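Okay, so here's the structure we're looking at.
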Amino acid sequence: MSGSAHRPKPDLSTPEARRAGAILSIDLSAVVSNWKTCATQSQTAECAAVVKAASYGVGAERAAPALKNAGCKTFFVATIGEGIHLREVLGDGPAIHIFNGLMDGAERDFIEYDLIPVLNSLDEIDAWRAFCTGVGEPLPCDIHVDTGMSRLGLPPDEVQRVMDDGERLTHLNLNVLMSHLAIAEAPDKPMNKAQLDMFEKFGKLFPAARLSLANSSGIFLGPEFHYDVLRPGAALYGVNPTPGRPNPMAQVVRLQAKILQLRTIDTPQSVGYGATYRAQGPTRIATVAVGYADGLSRHLSNAGVAYIGDHEAPIAGRVSMDLITLDVSGVPEELSRPGMLVDLIGPNNPVDVVAEKAGTIGYEVLTSLGARYHRVYL
């Protein structure tokens, strides 16, 4: 579902909106709706929210409180700095887990800001145990076991070493045992079942811990992947967790940029840097106030499209730092005048479509959203 039919519209009459070259609208009700959609996939698991990387570019300082008000009690971020900022935003109460674990010398930050480290190695387990012993209190932590990503987390031999040394987990208050699926967006891949089987085996070694395996796409693999804690991330912000099937998520972002200038050209004139686009006949070109400095990928050069209403306007030439040029020959002139808005991400070109044309994924499109946009939270 697109979630665009009845979306509220931003106020474009403010001085900030009038001055801006582009408007980024962020629908917080869609973020909450997506969290609830994920939560209802399980009858028993708690649905957390991953709000790392500024809530995938949409702004954690606005998205996280909306999720908290909707009932979310558990949040995950990547870094200690993100955790500190999120604690300042959310206040006391919600649990905040740090995926990247400990940083040498930063252990006290976890106490001061009430954060929970995800311990990713034997060294981190030993360091956290030593710290807890020193303060005389078994502080909460998570343990990440690697079931196939070969990235963060304890590989099977290190998990066995933990179990062989009964002292290693003393003075630890183990909250969540987690792992991460490598290819959950492809439900037919046998690796999903292999990771599930390995995680099931590891989970039995830590009976006191809550178990968490399912990311956004993992939630839609079925109840056997749900365990105790769901960890949706990109799906909260509109990225399709079920590629190849209809998107069950509402669209969260809409990016609209202003037309600065229009001109009509004819062959053999070229457009933009490198003269990579040449008009094949009388062509109306709109110059629009957005570029790669705003996070619009250069890979969309001569490949991406914008929309003016329901009219498609291809990107003509290269994406430059501050500008793009569109072929608006097929758009009625009354809809393509200076000051009017074009959709770069919107109802007709959701984030996954933009990503596909750029040869990337929706995650990168969202996290690249620039700082120069006038942001409007709906």
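The values are calculated or read from the model by the stated rules, or taken from the named source; none is laboratory data. Because the structure is a prediction, the values reported are computed rather than measured. Every residue, glycine as well, gets a Cβ built from its backbone with ideal geometry; the counts of neighbours run over all protein chains shown.
Say whether the condition of being buried (at least 24 other Cβ atoms within 10 Å of the Cβ), aliphatic (A, V, I, L, M) and either touching a Leu at 6+ places or on another chain (Cβ under 7 Å) or touching a residue at least 12 places away in the same chain (Cβ under 8 Å) (or both) is met by at least one residue in the range 200-215. So far as the range 200-215 goes, yes, one or more of its residues are buried (at least 24 other Cβ atoms within 10 Å of the Cβ), aliphatic (A, V, I, L, M) and either touching a Leu at 6+ places or on another chain (Cβ under 7 Å) or touching a residue at least 12 places away in the same chain (Cβ under 8 Å) (or both). When N34, N69 are screened for being within 19 Å of N240 (Cα to Cα), in a helix (DSSP H, G or I) and of a type in the set (S, T, N, Q), only N34 passes. Residues in the range 66-84 that are closer than 19 Å to A39 by Cβ and either surrounded by 17 or more Cβ atoms within 10 Å (Cβ to Cβ) or of a type in the set (A, V, I, L, M) (or both): how many? Qualifying residue count, the range 66-84: 8. On inspection, V353 qualifies as surrounded by fewer than 19 Cβ atoms within 10 Å (Cβ to Cβ), free of Cβ contacts under 8 Å to residues at least 40 places away in the same chain, of a type in the set (V, I, T) and not in a strand (DSSP E or B). Checked across the range 66-85, the condition of being farther than 30 Å from F225 by Cα, more than 17 Å from the chain's Cα centre (by Cα) and not assigned by TED's automatic domain parsing to the domain that holds G222 holds for no residue.
Within the range 178-199, residues that are among the hydroxyl-bearing types (S, T, Y) reach partners that are assigned to a helix (DSSP H, G or I) and modelled with pLDDT of 95 or more with beta carbons closer than 9 Å, at six or more positions or on different chains, in the pairs S179/Q195; S179/M198; S179/F199; S179/F202. Of all residues in the range 74-97, those satisfying the criterion of being among the small types (G, A, S) and part of a loop (DSSP other than H, G, I, E, B) are A78, G91, G93.
Within the range 114-140, being acidic (D, E) and under 15 Å from E167 (Cα atoms) holds for D123, E124, D126. When we screen L169, L122, L181, L177 for residues that are assigned by TED's automatic domain parsing to the domain that holds E82, over 26 Å from F220 (Cβ atoms) and either surrounded by fewer than 15 Cβ atoms within 10 Å (Cβ to Cβ) or within 31 Å of the chain's Cα centre (by Cα) (or both), the only hit is L122. Scan the range 12-32 for residues that are buried (at least 22 other Cβ atoms within 10 Å of the Cβ) and of a type in the set (D, E) and jot them down. Selection gives D27 alone. In the range 100-113, how many residues are under 16 Å from N175 (Cα atoms) and surrounded by fewer than 16 Cβ atoms within 10 Å (Cβ to Cβ)? Total meeting the criteria: 1.
Inspect the range 52-59 for any residue being part of a strand (DSSP E or B) and not assigned by TED's automatic domain parsing to the domain that holds S368 and give the result as yes or no.
no
Tell me which residues, restricted to the range 127-176, are in contact (Cβ under 8 Å) with a residue 40 or more places away in the chain, closer than 30 Å to P190 by Cα, out of contact with any Ser or Thr (no Cβ under 7 Å at 6 or more places or on another chain) and of a type in the set (A, V, I, L, M). Hits for the range 127-176 are I143, L152, V159, V162, M163.
For the range 276-315, no strands (runs of 3 or more DSSP E) sit wholly inside it while including 1 or more residues that are in contact (Cβ under 8 Å) with a residue 24 or more places away in the chain and outside the structural domain of Y373 (by TED's automatic domain parsing).
Applying the criterion of being out of contact with any Asp or Glu (no Cβ under 8 Å at 6 or more places or on another chain) and buried (at least 18 other Cβ atoms within 10 Å of the Cβ) to the residues of the range 188-197, the residue that is nearest to N100 (Cα to Cα) is Q195.
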